[in-house]
Amino acid sequence: MIKVEIAGIAIDKTSNSPVVLLREMSEKKRILPIWIGPYEAEAISQGLRGEKFKRPLTHDLILDILRGLKVDVSEVVVSSLEDDTYYAEIYLKKGNAIFKIDSRPSDSLAIASKNKVPIYVEEEVLDKGGIELEIGEDQKIKDIRKYMEDINPEDFGKFRM
């Protein structure tokens, strides 16, 4: 598994759909774009900004339920890419027991961003769907967004949300 971070959210100009960008944290610095829905994009953005609301939104509610049950989210994993669809898992821990929950990547990333837990991608998934960028350490996320704006969605293959 390869550790990644949420580099940002871009908009695919062709479909006007949000794309979450996962950036590899190793020396390769590949980007994995995953098309997601607008509500999940907003939830991920809120988590990244640390926004809190008076009433819990869906992903906040899930985390509140887990906390109430004394269950910790330990990590999320983008686990496979099959038939142009990404799959993910949320790992929960209660005592010595670990539970693996099937999830859409967008929901698992929203939970990870709100709960500040590690995000991983299976190497095979990053090999299939990742884009290798030649970027220096001093470049900012806006450079990645600019790169994404100029790229044709067909360069990624056909991915479904």
ILE11/ASP84 FRET efficiency (R0 25 Å; Cβ-Cβ; nearest 0.05):
0.80
Could you give the nm distance between label points at VAL71 and GLU51, where each point is 7 Å from its Cα heading toward the beta carbon?
2.7 nm
Tell me which trypsin sites (Lys or Arg not before Pro) from region 30-117 have a DSSP coil assignment and no more than 10 other beta carbons within 10 Å of their own.
LYS52, LYS54, LYS70, LYS116
Toward the positive end of the charge dipole of region 2-156, about the Cα centre and with charges on Cβ (Lys, Arg +1; Asp, Glu -1), which of ILE2, ALA112, LEU21 goes farthest?
ALA112
From largest to smallest, what semi-axes in whole angstrom does region 2-156 give when each is the square root of 5 times an eigenvalue of its alpha carbon gyration tensor?
26, 18, 14
Can you give me the distance in nm between label points at MET1 and GLU124, each placed 7 Å from the Cα along the Cα-to-Cβ direction?
1.6 nm
Calculate the FRET efficiency for MET25 and ASN96 from the Cβ-Cβ distance with a Förster distance of 45 Å, rounded to the nearest 0.05.
0.95
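None of the figures in this text is laboratory data; all of them are computed from the coordinates on show. On a predicted model such as this, the values are computed, not experimentally measured, just so you know. Note that each Cβ is placed from the backbone with ideal geometry, even for glycine, and that neighbours are counted across all protein chains shown.
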